[in-house]
Amino acid sequence: TISVTSFGAKANDKKDDTKAIQKALDANKNGTVTIPKGTYYSQVLYLRGNTTLKLAKGAVMKKLAFKKHPEDAWVIFHPKKKGYNGFKKVTITGGIWDGQVHKNNKTSEHKGFELDHGQNVTITNTTLKNMSGLHMIEVNACKNVKINHVTFMNQYFYSGKNHSSVAKYTTQTCEAMQFDSATKGAAEALPLDGTICQNYTITNNTFKNVQSGLGSHH
């Protein structure tokens, strides 16, 4: 088990903890990265395979504006591998993820979590709130996925023109959860090898002020 505080993250100091948290994720080897109680701030974070990211009770992550953002999600794993071979296990659990968007807007559009081309994904006992446009959770071309006891709260429309590359279809793309297969037109960031979504279990989740609970392409 690795704590992000061992790599320099400090709770409640209102400073950017992206580098420290990313160092902890990069250093992890088939174990657990913990975020202790307190409030932390970050830009985009890249997960690694075979990782449990565990927020303690009372831990809050707050999203900062992305200075350099080649992706369109806050926590992301694009292994760029075909089939379900990108990773064998990823778990995100506990705490609160606060996107810090509090109204419909023309300036902020982002996803919460996105994971592609892997297997055995669990997202549980966490809250995603105050996000804008796109999807709060997106799990694409994966198998054996469980999303349970997640609270989705306060999702707002993005009406601006500067869409990310994969969100150019409509100004009103806004769903709590989205699942895409790896086929043309579904998600451009994926290796388009036809991998389908397989064995998804979605249970005991709570939706408060979200635009749409679930969407999928192909």
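The values are calculated or read from the model by the stated rules, or taken from the named source; none is laboratory data. Note that the structure is predicted; figures quoted are calculated from it, not measured. Every residue, glycine as well, gets a Cβ built from its backbone with ideal geometry; the counts of neighbours run over all protein chains shown. Note: areas computed on protein heavy atoms with side chains; ligands, DNA, RNA excluded. Shrake-Rupley method; radii C 1.70, N 1.55, O 1.52, S 1.80 Å.
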Full extension from residue 183 to residue 46: what is 0.36 nm times the residue separation minus their Cα-Cα distance, to one decimal in nm?
47.0 nm
Overall dimensions of the chain by Cα: Rg and Dmax, Å
16.0, 45
Packing-based order for 30-40, 134-144, 174-184, using average beta carbon neighbours within 10 Å, highest first:
134-144, 174-184, 30-40
Counting only protein heavy atoms with a 1.4 Å probe and every protein chain in place, the carbon and sulfur fraction of the accessible surface of the chain in whole percent equals 48 percent
For residue 198 and residue 81, compute 0.36 nm times the residue count separating them, minus their Cα-Cα distance, and round to one decimal in nm.
40.4 nm
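When the chain is fully extended, how far beyond the present Cα-Cα distance does residue 65 get from residue 3, taking 0.36 nm per residue of separation? Intermediate values should be presented prior to the final figure.
Details: separation 62, 0.36 × 62 = 22.32 nm, distance 2.40 nm.
Once the chain is fully extended between residue 65 and residue 3, it gains 19.9 nm.
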Mind grabbing the base-10 log of I(q)/I(0) for segment 124-164 at q = 0.14, 0.15, 0.24 Å⁻¹? Debye formula, identical points on the C-alpha positions, no solvent, two decimal places.
-0.43, -0.48, -0.91
Roughly how many nanometres apart are two label points built 7 Å out from the Cα toward the Cβ at residue 11 and residue 89?
2.7 nm
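Can you work out the accessible area per residue across the chain, with the rest of the protein chains kept in place, probe 1.4 Å, in square angstrom? Display every interim value, and only then the final one.
Numbers: 10070 Å² over 218 residues.
Per-residue accessible area for the chain comes out at 46 Å².
On average over all directions, what projected area in square nanometres does segment 1-74 have, based on the convex hull of its Cα atoms?
Numbers: hull surface 18.6 nm².
Result: 4.6 nm².
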The orientation-averaged projected area of the Cα convex hull of segment 47-158, in nm², is 6.7 nm²
May I ask you to derive the relative contact order of the chain, considering only C-alpha pairs under 8 Å and at least 6 residues apart, and to give it as an integer percent?
15 percent
Send over the semi-axes of segment 40-102's equivalent ellipsoid, whole angstrom and largest first, taken as the square roots of 5 times the C-alpha gyration tensor eigenvalues.
23, 17, 8
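How high is the FRET efficiency between residue 30 and residue 212 when r is their beta carbon distance and R₀ equals 30 Å, given to the nearest 0.05? Mind showing how you got there, number by number?
Details: r = 36 Å, r/R0 = 1.19.
Result of the calculation: an efficiency of 0.25.
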